[in-house]
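The values are calculated or read from the model by the stated rules, or taken from the named source; none is laboratory data. Keep in mind that this is a model prediction, so the values were computed, not measured. FYI the Cβ positions are ideal-geometry reconstructions off the backbone, even for glycines, and counts take in every protein chain you see. Heads up: the accessible areas ignore ligands, DNA and RNA and are worked out on the full protein's heavy atoms, side chains in. Shrake-Rupley method; radii C 1.70, N 1.55, O 1.52, S 1.80 Å.
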Amino acid sequence: MTADDLSQADVQRLLAAPTVEARAQTAEKIARAFDPTTLSAAERSLAEAIFRLMLNDAEVRVRLALAENLKENRQVPHDVAVALASDVGQVALPMVEFSQVLTDDDLVAIIVSQNAAKQIAVAGRAAVSEDVSRALVDSGNEGAVTRLVENEGAEIAESTFHKVVDVFGERP
């Protein structure tokens, strides 16, 4: 345990005054400390239950604290990652762009059902599969396609690349 971990004093402060600031700090501390390899089964279960409760917090700041501190954690429960990625843009974008917990199916669902900013975030991921690339090109979002083509970690099938040229070839 480090000084940054959630303490009994933090819990008491949260119970005494559950302000947005206290809830956001608690979300940050729990998310930052979430490492299933060092937590007992009971601690992991409790942390995951807290994440799921905080997903419903009305304050964006609380959910953003979760997203920012869980975005690169490969042990985040899948349902938590998907919920954060489906949230409002400010909360979702870190998860959409960085979370390795999200599957290609999750990413394609985001591309098909979410807004342009989330599509651009998908296009900027460190690795983008051919299926996800195809869905991005099919979305018609020029910003997402531009970012995809510039992304060295993107796998783009020849047929998908031809479609990029056909649809966007006359644009700068």
Quiz item: Within the stretch 70-86, which residues are touching a Leu at 6+ places or on another chain (Cβ under 8 Å) and open to solvent by less than 30 Å² (accessible area, probe 1.4 Å)?
Solution: Leu70, Val76, Val80, Ala81, Leu84, Ala85
Exercise. Kindly establish whether Ser99 is open to solvent by less than 10 Å² (accessible area, probe 1.4 Å) and closer than 16 Å to Glu68 by Cβ.
Key: yes
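Say whether the condition of being at pLDDT 90 or above and assigned to a helix (DSSP H, G or I) is met by at least one residue in the stretch 9-21.
Yes: one or more hits.
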Practice problem: For Ile111, work out the one condition from (1) touching a helix residue (DSSP H, G or I) at 6+ places or on another chain (Cβ under 7 Å); (2) surrounded by fewer than 20 Cβ atoms within 10 Å (Cβ to Cβ); (3) touching a residue at least 24 places away in the same chain (Cβ under 8 Å) it doesn't fulfil. | Solution: (2)
Exercise. Look at the stretch 33-69 and say how many of its residues are in contact with a Leu (Cβ under 8 Å, 6 or more places away or on another chain) and in a loop (DSSP other than H, G, I, E, B).
Key: 2
Quiz item: Which of (1) of a type in the set (D, E, K, R); (2) in contact with a Gly (Cβ under 9 Å, 6 or more places away or on another chain); (3) closer than 30 Å to Val20 by Cβ does Arg125 not meet, given it meets every other one?
Solution: (3)
Self-check item: Residue among Ala154, Ala126, Ala65 that is open to solvent by less than 50 Å² (accessible area, probe 1.4 Å) and without any contact (Cβ under 8 Å) to a residue 40 or more places away in the chain
Solution: Ala154
